[in-house]
Amino acid sequence: MEYIETQEKKERAVLVGVHTGNRNSLEDTTEESLAELARLADTAGAEVLTAILQNRTFIETSTYVGEGKVKEIKAVCESLGANLIIFDDELTGSQVRNLEDITGIKVIDRSTLILDIFAARALTKEGKIQVELAQLKYMLPRLVGVGSALSRLGGGIGTRGPGETKLETDRRHIKRRISYLEDELKDIKKHRELLRSRRKKEGIPVVALVGYTNAGKSSLLNALAHSDVLAEDKLFATLDPTVRSIELSDNRKVLLVDTVGFIRKLPHRLIEAFKSTLEEAVLADVLLHVVDSSSDVAEQHILVVNNILKELGAASKPIIMVYNKIDLKQDDIHLPQDRQMVKGSVEVSARTGKGINDLLELMDDIVPGKKIKVKICVPYSVGSIVSQIHEKCDVLREEYTQEGTVMNVLVDEVMFGRVKEYIVGSEE
């Protein structure tokens, strides 16, 4: 009997990058960025065979690495049996076409790879729309130059996602599709704004978890909220924002929002497409900047996140630096703290629970709406104050005396101003 193999074979990839030495350290290709590219490829389902790092002072216009190097890459691919070449920088359509013409092998770049991972991870309608929008905007200027890319209906990395069958259509149709998707996102954005205005009206502060991909944001959310959000040791395990509610020590309700992880060389179009999601960070009251303290490139990760926050207009938010995975940290790894807006820092392990109480204490002090325990005696002649207190405050104890209603209450700054003349003592 003949057996038919149905399991999809992994694509076999060779990674390529150029180190010029004259680009920003976060934009240039280094051994660290190639290692990260390998993790991205693995996340997308490829088997990485080898990585080629070329040193040259400039990027070659037509083939990115120079024709001689392309032939060398072709020989390496043939000897290893590779069927995919992934470049660490964004390529133009003509570069992709030229590289594929010379090598005869499918070529994609870092941006296409990241978009592919996002396409595989998007679960909600909003996430799928945002991914397709980013894919189409990325493909549009490359329609003229792309060679075999538009005929890749056979599948594989770089061809997945809600928009894959649309990428072969003409420019006019893609523009119409982009316009339609942008209108869809506007409707979703209106819904988000309604939810936010309701939260604001209720006076519920929002704390957003931001950080480099795989820093442990979802694990930290689970540790703080005692929830079970999917937390995997993979890049971009979380794509769609997750919201959980917690209570601080003064019974203050706080909403925690988990956001998509950042990464170096994150495609600008992806940031644009996901702005409605990333607005959760922009409009939050406080940011928890989660850092993988066990990484020997933690400092670079912090810089990447800071730069993206600046691009989003969220750099001036009050920030708590949360150095996560402290149980895995090596003694020789230095944890920098160079942000002016940092309100505090704490070392935690979301996995073991170490430091979580310290983080909650920091949030107690920094998250707006901190409540104060006071003892008040409200004369019966101003009974309306008692009604307001019951409506807006936490009443810990209440008794009726000859002088008036004696109450032990938790009040915020606004209510403190209204009841301070009735204070007869404080509750510690």
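The values are calculated or read from the model by the stated rules, or taken from the named source; none is laboratory data. These figures come from a predicted structure and were not determined experimentally. All Cβ positions, even for glycine, are placed from backbone atoms using ideal geometry, and neighbour counts span all protein chains on display.
Going through the range 371-402 one residue at a time, which ones are in contact with a helix residue (DSSP H, G or I) (Cβ under 7 Å, 6 or more places away or on another chain) and at pLDDT below 85?
Those that are in contact with a helix residue (DSSP H, G or I) (Cβ under 7 Å, 6 or more places away or on another chain) and at pLDDT below 85: I372, K392, C393.
Looking at (1) surrounded by 15 or more Cβ atoms within 10 Å (Cβ to Cβ); (2) small (G, A, S); (3) over 32 Å from the mean Cα position of the chain (by Cα), which is the one condition that is false for S33?
For S33, the exception is condition (3).
Which condition breaks for T57 when tested against (1) surrounded by fewer than 19 Cβ atoms within 10 Å (Cβ to Cβ); (2) more than 30 Å from F262 (Cβ to Cβ); (3) hydroxyl-bearing (S, T, Y)?
Here T57 meets the rest and fails (2).
Taking the range 349-380 only, how many residues are assigned to a loop (DSSP other than H, G, I, E, B) and more than 30 Å from K317 (Cβ to Cβ)?
Residues that pass the stated criteria total 1.
Counting only residues that are within 23 Å of K253 (Cα to Cα), give me the strands (runs of 3 or more DSSP E) lying completely in the range 381-428 with at least 2 of them. Give the derivation first.
Working: elements: 394-400, 405-411, 423-426.
Correct list: 394-400, 405-411.
Which of the residues that make up the range 41-64 are farther than 14 Å from Q95 by Cβ, of a type in the set (S, T, Y) and within 30 Å of the chain's Cα centre (by Cα)?
Those that are farther than 14 Å from Q95 by Cβ, of a type in the set (S, T, Y) and within 30 Å of the chain's Cα centre (by Cα): T43, T50.
Can we say L312 is hydrophobic (A, V, I, L, M, F, W, C), at pLDDT below 85 and out of contact with any Pro (no Cβ under 9 Å at 6 or more places or on another chain)? So that I can check it myself, show each step before the final result.
Working: hydrophobic (A, V, I, L, M, F, W, C): yes; at pLDDT below 85: yes; out of contact with any Pro (no Cβ under 9 Å at 6 or more places or on another chain): yes.
Yes, satisfied.
Please determine whether any residue of the range 80-97 is among the acidic types (D, E), surrounded by 15 or more Cβ atoms within 10 Å (Cβ to Cβ) and farther than 30 Å from Y212 by Cβ.
no
Given the criteria outside any loop (DSSP other than H, G, I, E, B), within 27 Å of the chain's Cα centre (by Cα), modelled with pLDDT of 85 or more and of a type in the set (S, T, Y), does S179 qualify? If you could, list the steps in order and put the result at the bottom.
Details: outside any loop (DSSP other than H, G, I, E, B): yes; within 27 Å of the chain's Cα centre (by Cα): yes; modelled with pLDDT of 85 or more: yes; of a type in the set (S, T, Y): yes.
Against the criterion (outside any loop (DSSP other than H, G, I, E, B), within 27 Å of the chain's Cα centre (by Cα), modelled with pLDDT of 85 or more and of a type in the set (S, T, Y)), S179 qualifies.
Quick one: which strands (runs of 3 or more DSSP E) lie wholly within the range 12-131 and hold at least 1 residues that are within 18 Å of R142 (Cα to Cα) and touching a residue at least 24 places away in the same chain (Cβ under 8 Å)? Give the steps one after another, and end with the answer.
Values: elements: 12-19, 47-55, 84-87, 106-109.
Those strands (runs of 3 or more DSSP E) span 84-87, 106-109.
Those residues that are crowded, with 23+ Cβ neighbours inside 10 Å, more than 21 Å from S33 (Cα to Cα) and touching a Ser or Thr at 6+ places or on another chain (Cβ under 6 Å), I need them from the range 249-279; list them, please.
Matches in the range 249-279: D258 only.
On the given criteria, is D250 touching a strand residue (DSSP E or B) at 6+ places or on another chain (Cβ under 9 Å), acidic (D, E) and at pLDDT below 85?
Values: touching a strand residue (DSSP E or B) at 6+ places or on another chain (Cβ under 9 Å): yes; acidic (D, E): yes; at pLDDT below 85: yes.
Taking the combined requirement at face value, the residue satisfies it.
Any idea which of V367, V414, V348 is under 43 Å from the mean Cα position of the chain (by Cα), farther than 26 Å from S227 by Cβ and hydrophobic (A, V, I, L, M, F, W, C)?
Working: V367 fails: farther than 26 Å from S227 by Cβ; V348 fails: farther than 26 Å from S227 by Cβ.
Residue meeting the stated conditions: V414.
Of L209, L230, which residue is part of a loop (DSSP other than H, G, I, E, B), among the aliphatic types (A, V, I, L, M) and either in contact with a helix residue (DSSP H, G or I) (Cβ under 6 Å, 6 or more places away or on another chain) or at pLDDT below 65 (or both)? Break it down into steps so the answer makes sense when it comes.
Details: L209 fails: part of a loop (DSSP other than H, G, I, E, B).
Just a single option satisfies the conditions, and that option is L230.
Kindly indicate whether any position in the range 18-25 is within 30 Å of D296 (Cβ to Cβ), among the aliphatic types (A, V, I, L, M) and surrounded by 13 or more Cβ atoms within 10 Å (Cβ to Cβ).
Taking the range 18-25 as the starting set, the residues that turn out to be within 30 Å of D296 (Cβ to Cβ) are 18-25.
So of that shortlist, the ones also among the aliphatic types (A, V, I, L, M) come out as 18.
Of the ones still in play, those that are also surrounded by 13 or more Cβ atoms within 10 Å (Cβ to Cβ) are 18.
Yes: the range 18-25 contains one or more residues that are within 30 Å of D296 (Cβ to Cβ), among the aliphatic types (A, V, I, L, M) and surrounded by 13 or more Cβ atoms within 10 Å (Cβ to Cβ).
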